[in-house]
1. Given the criterion out of contact with any Phe, Trp or Tyr (no Cβ under 6 Å at 6 or more places or on another chain), in contact (Cβ under 8 Å) with a residue 24 or more places away in the chain and buried (at least 19 other Cβ atoms within 10 Å of the Cβ), identify the matching residue among Val104, Val171.
2. Identify all residues within segment 24-60 that are under 23 Å from Asn85 (Cα atoms), surrounded by fewer than 22 Cβ atoms within 10 Å (Cβ to Cβ) and touching a helix residue (DSSP H, G or I) at 6+ places or on another chain (Cβ under 7 Å); write none if there are none.
3. Could we say that Ser2 is at pLDDT below 95 and surrounded by fewer than 18 Cβ atoms within 10 Å (Cβ to Cβ) here?
4. Restricting attention to segment 6-62, which residues are closer than 30 Å to Asp88 by Cα and of a type in the set (S, T, N, Q)?
5. Among the residues of segment 97-144, what is the count of those that are of a type in the set (S, T, N, Q), within 21 Å of Thr22 (Cα to Cα) and part of a loop (DSSP other than H, G, I, E, B)?
6. So Phe201 fits all but one of (1) within 25 Å of Ala54 (Cα to Cα); (2) open to solvent by less than 30 Å² (accessible area, probe 1.4 Å); what number is the exception?
7. Can you name every residue in segment 103-136 that is among the polar types (S, T, N, Q) and out of contact with any strand residue (DSSP E or B) (no Cβ under 7 Å at 6 or more places or on another chain)?
8. Restricting to segment 138-153, name every residue that is of a type in the set (A, V, I, L, M, F, W, C) and surrounded by fewer than 23 Cβ atoms within 10 Å (Cβ to Cβ).
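The values are calculated or read from the model by the stated rules, or taken from the named source; none is laboratory data. In this text the structure is predicted, and so the values were computed from the model without any measurement. Neighbour counts are summed over all protein chains in view; Cβ atoms, including those assigned to glycine, are modelled from backbone coordinates with ideal geometry. These area figures cover heavy atoms from the full protein model, side chains too; ligands, DNA and RNA do not enter into them. Shrake-Rupley method; radii C 1.70, N 1.55, O 1.52, S 1.80 Å.
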Amino acid sequence: MSRDRPAPPLPEPVGTLVDAHTHLDACGASDAASVAAIVDKAESVGVTRVVTIADDLEAARFAVDAASWDPRVWAAVAIHPTRANVLDDAAKAEIERLASDPRVVAVGETGLDYYWPGKLDGCATVAEQHEGFRWHIDLAKRVGKPLMIHNREADEDLLAVLRSEGAPETVIFHCFSGGPETATACVDAGYVLSFSGTVSFKNAHALREAAVLVPDELVLVETDAPFLTPHPFRGAPNEPYCLPYTARALAEVRDQDPAELAAHATANAERVYGL
């Protein structure tokens, strides 16, 4: 993402949408007014609700605050797998407290990331990630909320951990990036797959093949803002208002009417998050 590229223009709405995964703090929100400004802009193009996601303790506190400031905002809290090495008893206690808040609709994002170890200073080891992931799975089951997955280059191991631990009732693969084989395994397990702007990237051939295989009732759409801005704005800063671009791109891949896809994705978000 480059802040030098201009933000995308407002898209044409495709109906009512829920941004199933965004990071309002990373989009620049810091207080009630800045949260409202971002969500007002999104609502102007039909994105009426957002789920803002935490990847560390500070972001988790902010997500819960943001959800208390604005009724259109909901939260998910967890420690990102690359930061799983901070999960001491105090951090676990705080995440558990925050996860119990009624405005928190999921435990996430958690999972496994095999891309960053060895590349990112201070990144959690694979062993630390596995330990943290198992703890979050247990937490999701204890608080009775969906588990939101971050998966990067760890398909087989991640699915194996879910099987061995016993997955919560609802599992959401945020920014699904796998190919047809992984998509089929997820669909067979009843997992929900959330698609971001990557589905619009012309080089994402395996992902686009996978997107066709997911039944309507297991599809969500998200921005993962400020990252993963859809084509043709790739590299520009993303925000929840950009979600209709992704919805249209996903509908095109699935040979589906955009309004129909939006209706399914919104109903699914309301169901899985209990909105």
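1. Values: Val171 fails: out of contact with any Phe, Trp or Tyr (no Cβ under 6 Å at 6 or more places or on another chain).
It is Val104.
2. Asp56, Leu57
3. Numbers: at pLDDT below 95: yes; surrounded by fewer than 18 Cβ atoms within 10 Å (Cβ to Cβ): yes.
So Ser2 fits the description; yes.
4. Thr22, Ser30, Thr52
5. The first filter runs over segment 97-144 and keeps only residues of a type in the set (S, T, N, Q), leaving 100, 110, 125, 129.
With the extra rule that they be within 21 Å of Thr22 (Cα to Cα), the set shrinks to 100, 110.
Checking the rest, the ones that are also part of a loop (DSSP other than H, G, I, E, B) come to 100.
Residues in segment 97-144 being of a type in the set (S, T, N, Q), within 21 Å of Thr22 (Cα to Cα) and part of a loop (DSSP other than H, G, I, E, B): 1 in total.
6. Among (1) within 25 Å of Ala54 (Cα to Cα); (2) open to solvent by less than 30 Å² (accessible area, probe 1.4 Å), the lone unmet condition for Phe201 is (1).
7. Our first condition is that a residue be among the polar types (S, T, N, Q); within segment 103-136, this holds for 110, 125, 129.
Passing the criteria: only Thr125.
8. Just the residues of segment 138-153 that are of a type in the set (A, V, I, L, M, F, W, C), to begin with: 139-140, 143, 147-149.
Passing the criteria: Leu139, Val143.
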